[in-house]
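A quick write-up on the structure given underneath.
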Amino acid sequence: MDVSSHDVLLVGGGGAGLRAAIAVSEVNPKLSVAVVSKVYPMRSHTVSAEGGAAAVIKPGDSLDDHAYDTISGGDWLCDQDAVEAFVREAPEEMLRLEHWGCPWSRDPDGHIAVRAFGGMKKERTWFAADKTGFHMLHTLFQTSLKYNAINRYDEWFVTRLLVDDGQVRGVVAIQLASGKFQAILAKAVILCTGGCGKVFPFTTNANIKNGDGMALAYRAGVPLKDMEFVQYHPTGLPFTGILITEATRSEGGYLLNKDGYRYLQDYDLGTPEAKPVLRSMELGPRDRLSQAFVKEEEKGRTVEGPYGAVVHLDIRHLGEKLINAKLPFVRELCLKYQNIDPVVELIPVRPVVHYMMGGVSTDLHGATPLKGLFAAGEVACVSINGANRLGSNSLTELLVFGARAGRAAAAFASEQKDSWGHVLAQAMDETRRLEGDFLRKTTGRESIAGIREEMQRSIERGAGIYRTGASLIEAAVTLRKLQERFRNVALQDHSRTFNTELTAALELSFMLDVAEAIVQSALHRTESRGSHQRTDFPARDDEKFLSHSLVSRNEDGSFRVEYLPVTLTRWPPGERVYGR
Amino acid sequence: MESEVSETPIYTPYHPRWYRARVSTYWWSRRWAYLKFILRELSSIFVAYFVVLTLLQIRALTQGPDAYARFQERLKAPVLVALNALAFFFVLFHAVTWFNLAPKAMNLRMRGKRVPDLLIVLPNYVAWLAISTVVAWLLLR
Amino acid sequence: MAEMITLEVARYRPEREREPTFQTYEVPFRKDWVVLDALNYIKDRLDGSLSYRWSCRMGVCGSCGMMVDGEPKLTCATFLSDYMPGPVRVEPLSYFPVVRDLVIEMTDFMVKLKSVKPWIVREEEKPTSEGEYLQTPDQLDAYKQFSMCINCMLCYAACPVYALDPQFIGPAAIALAQRYNRDSRDQGSEERLDLLSQHEGIWACTFVGECTKVCPKNVDPAGAIQQYKLTSTKEWFKSFLMPWRAK
């Protein structure tokens, strides 16, 4: 089989991956960097992010304020040393991106403009109209073209990590255009594959968000941290799940129930004012807002739409001029996908799965417990987001931790000698598995779409916004059965050229592993915190659970759940207060 | 990668398994927009023809009233009348499409906002009308 | 009996055939469905061997460009209801080599994109400790429209120049070059002009204007190219009328 080798290998070419690749090249231009992405980098899901990226630059704001907002927003599950490093490095990373050409929106005097965002006490969210992720990704991608040491493997699908002697040595990947299998060896591997929203049936996430990196690491024995924390964004369009950015609320939008009443005031989120008040009402944290929706639905006060219950997002009072200036993409999306003009009509919205706070367990520098393996971005859990992420922290996270992981991986790789061990045998094994289990197999009765949809239904039922022990156990049992049934899947497409049925099957197997990790972590955490709400354990339990859950796969294929205490520095756990 | 990626723009190399559809010689007839484009480009031939005709007319003028009268007689031939009518239509078409495209090539900004296309197109038509009126008045009085 | 709509989808399996063929599928009609939803229905329930690209399904990643009834469209933003009663013809983007079914080969574009140096070129970089480069909202507006390109390549599929001369750098690449030329922070206009004023650059464009018509993000690449021609001409006159200005 073909083999190539590099010093640092990135799996995933989104915001974190590109930032890390650039960081490696800046630290040591002689290192050979490979960016292996299953799609062209400008298609990565970073492109869909809308609202903004937070960093402290305005007078009157302070790093401690940003840290406190983040820590309290995460319900005290964030590692405070990581948060301190994050808020400290954020402004410089964001300025660096500006120097690279990112078209941030500006104040009339030419300085960077900032806006309010959910859960933040001060205005610190930088934005590029309402297509921040798009502009950040394209700026990073176009800047990465400058570096000749970065070799891109566009549309190569990584199927497994090669590990020998307790150290990562590279990956096995399929070149989609030709179907060729190749072992790409590297001294350091950084996972930047994003989250796993497609595990759920209703999500803002793109088709490519299948938890690839999380499953790859999990199968290599690396623990997944805090997988039970799944963020539901309160405002997604029904049916499509298209995201309506939090910026609609930070500019002053209201959430109304079927009586036109701003229902958030009933849920300890403050009192309604005409203008948006920071950390209050519609600018509260996402988990509380999504939970409020569920409660409203139980009371029968939501609006029945053709695709389920919705509430209304009202931005009519903002006026056409502001909407066209600050929220043009939102208007475009509503007109196109809902046939609604938000300037004069109400937008129907409901909570939608959006982000995974959990992921591959890393330290402050993006290093996982497996030597040579790093992770950054949504796939990683450092953890700076804790039990609930604040909006606009994740785009900044890509830059800060992408750079950190890049630098750490570069330093690590510089010290390694070329020694690939016995990984080529592993790579041949993987080729045999892919051919035998998928490409050549003709018997099998299960359909990929069938298993995928059942997985999505069962996890939404069992591990949605509100969970119980019973619902989680039921989901765990169903997922076990689906794993068994997956072995009976047979492809209709046996071609080698751009076989997207093969990639769909591989993605489904990744998702099944990740789904089990989510459900098991949720089952073992018998408390409610942030976005993990157990109706059978409704209180937060700082005595037992001020810790991260770590789910790891054992050698024999079974799993174990352990706990790692949260690192506290200067903010002892307190009450999360919004609106007062 | 199967193909060599180089710094300069290159024709995508031949790959035995990729399918390249042949572009038909009649590609311009496939879409109305392409046809309009080709007609627009062809109209320049008629503009050139009118220029030549005008030069011939001026030459006839300088050669005296008899030469000019002969010139005018020749122009009355039905073939030439038809040709000139066609050419006139194409020159109009040329002018209209030219005016309408003019704002696209310019990026005039005043007080921070892009000058709307109409504001660039309209003065052209107005000038055309004005000059035509002057010429007509000169000829017909 | 639920309403159905027929899709005629281009297929190409290089291991088995030399030329593309068409395959017909019956798909349920839903008024909320876009063409991409129909393709997903085919792949999930009728024929798993259909290959096509897609990702975000909200018109911002640029993956799902295909020819729908002969027009280049983003299939995630093209509603089936506009084509009722059908049939709808779905083919891969024109003027690109076809790899498989509805998947085209786009390395050519990636090479051309890199060649126009789509990054901030500066003689001297300001350190981040000195803060941001100041840029007023007006200065941002000068290039903002061209920065909206999602690299979907519908413009290339509509450009007859690209069809006849595949070495033409193309609308999107030139629009992105302009995006940086007009950015007040950039100083690389001259470098880019060197490449783009060559034969396969801006002068190959004959202003057909179809690229702007099909662009889903209103980038107006045709306008970018024509404006670039004006700038290029002005620079050329300046260079020989005022040679002392040359560095």
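The values are calculated or read from the model by the stated rules, or taken from the named source; none is laboratory data. Predicted model only: the values in this text are computed from it and were never measured. Cβ coordinates were reconstructed from backbone atoms using ideal geometry, including for glycine residues, and neighbour counts include every protein chain displayed.
Which residue is surrounded by the most Cβ atoms within 10 Å (Cβ to Cβ), if the candidates are limited to the range C:133-149 and must be under 25 Å from A:GLU92 (Cα atoms) and of a type in the set (S, T, N, Q)? So the residue we want is C:SER147. Residues that are surrounded by fewer than 17 Cβ atoms within 10 Å (Cβ to Cβ) and either among the aromatic types (Phe, Trp, Tyr) or in the same structural domain as C:MET58 (by TED's automatic domain parsing) (or both) within the range C:214-241 comprise C:TRP236, C:PHE237, C:PHE240, listed in sequence order.
Taken together, A:THR478, A:THR503, A:THR497 contain a single residue that is under 23 Å from the mean Cα position of the chain (by Cα), farther than 23 Å from A:ILE71 by Cβ and β-branched (Val, Ile, Thr), which is A:THR503. Out of A:GLN142, A:GLN175, report the one residue that is without any contact (Cβ under 8 Å) to a residue 60 or more places away in the chain and closer than 30 Å to A:VAL330 by Cβ. Within the list A:GLN142, A:GLN175, the selection yields A:GLN142.
Within the range A:456-485, no residue satisfies the criterion of being within 19 Å of A:PHE559 (Cα to Cα) and within 14 Å of another protein chain (Cβ to nearest Cβ). Of all residues in the range A:10-52, those satisfying the criterion of being of a type in the set (A, V, I, L, M, F, W, C), at the interface with chain C (Cβ under 10 Å from one of its Cβ atoms) and part of a loop (DSSP other than H, G, I, E, B) are A:VAL39, A:ALA49.
For every residue, the table says whether it meets (1) crowded, with 24+ Cβ neighbours inside 10 Å; (2) outside the structural domain of A:ASP259 (by TED's automatic domain parsing); (3) out of contact with any helix residue (DSSP H, G or I) (no Cβ under 8 Å at 6 or more places or on another chain); (4) not aliphatic (A, V, I, L, M).
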residue: A:LEU333; (1), (2), (3), (4): yes, no, yes, no
residue: A:PRO342; (1), (2), (3), (4): yes, no, no, yes
residue: A:ALA375; (1), (2), (3), (4): yes, yes, no, no
residue: A:ASN388; (1), (2), (3), (4): yes, yes, no, yes
residue: A:THR396; (1), (2), (3), (4): yes, yes, no, yes
residue: A:PHE401; (1), (2), (3), (4): yes, yes, no, yes
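When you check A:ALA539 against the structure, is it aliphatic (A, V, I, L, M) and not in a helix (DSSP H, G or I), yes or no? Spelling it out, A:ALA539 is indeed aliphatic (A, V, I, L, M) and not in a helix (DSSP H, G or I).
Here is the figure for the range A:327-353: residues that are part of a loop (DSSP other than H, G, I, E, B), among the hydrophobic types (A, V, I, L, M, F, W, C) and farther than 16 Å from A:GLY51 by Cβ total 4.
Can you name the strands (runs of 3 or more DSSP E) wholly within the range A:220-326 that have at least 3 residues being crowded, with 21+ Cβ neighbours inside 10 Å?
A:230-236, A:308-314
Could we say that C:ILE202 is in contact (Cβ under 8 Å) with a residue 24 or more places away in the chain, away from every other protein chain (no Cβ under 11 Å), touching a helix residue (DSSP H, G or I) at 6+ places or on another chain (Cβ under 6 Å) and aliphatic (A, V, I, L, M) here? Here the answer is yes, as C:ILE202 does meet what is asked.
Taking the conditions (1) more than 24 Å from A:PHE134 (Cβ to Cβ); (2) touching a residue at least 12 places away in the same chain (Cβ under 8 Å); (3) out of contact with any His (no Cβ under 8 Å at 6 or more places or on another chain) in turn, A:ALA34 satisfies each one other than (3). Take C:CYS152 and tell me if it is surrounded by 19 or more Cβ atoms within 10 Å (Cβ to Cβ), modelled with pLDDT of 95 or more and over 28 Å from C:ARG18 (Cα atoms). The answer is no for C:CYS152.
Taking the numbered list (1) more than 24 Å from the chain's Cα centre (by Cα); (2) surrounded by 21 or more Cβ atoms within 10 Å (Cβ to Cβ); (3) among the polar types (S, T, N, Q) in turn, A:GLN167 passes all entries but (2).
Given the residues C:LYS126, C:LYS73, which is the only one that is among the charged types (D, E, K, R) and in the same structural domain as C:PRO166 (by TED's automatic domain parsing)?
Details: C:LYS73 fails: in the same structural domain as C:PRO166 (by TED's automatic domain parsing).
Unique residue meeting the criteria: C:LYS126.
Of the helices (runs of 4 or more DSSP H) lying entirely inside the range C:151-247, those containing at least 1 residues that are over 17 Å from the mean Cα position of the chain (by Cα) and among the charged types (D, E, K, R) span C:189-196, C:221-241. For the range C:205-228, which residues satisfy the criterion of being at the interface with chain B (Cβ under 8 Å from one of its Cβ atoms), touching a residue at least 12 places away in the same chain (Cβ under 8 Å) and closer than 11 Å to C:GLN178 by Cβ? Scanning the range C:205-228 gives C:ASP220, C:GLN226, C:GLN227. One residue stands out in the range C:119-132 among those that are over 29 Å from C:PHE96 (Cβ atoms) and at the interface with another protein chain (Cβ under 7 Å from one of its Cβ atoms): the one that is surrounded by the most Cβ atoms within 10 Å (Cβ to Cβ), namely C:ILE120. Residues of the range C:42-59 that are within 7 Å of chain A (Cβ to nearest Cβ) and of a type in the set (A, V, I, L, M, F, W, C): C:TRP54, C:CYS56, C:MET58. Scanning the range A:528-557 for residues that are farther than 21 Å from A:THR368 by Cα and surrounded by 24 or more Cβ atoms within 10 Å (Cβ to Cβ) gives A:ARG529, A:GLY530, A:SER531, A:HIS532. Residues of the range B:38-57 that are without any contact (Cβ under 8 Å) to a residue 12 or more places away in the chain and in contact with a Leu (Cβ under 9 Å, 6 or more places away or on another chain): none at all.
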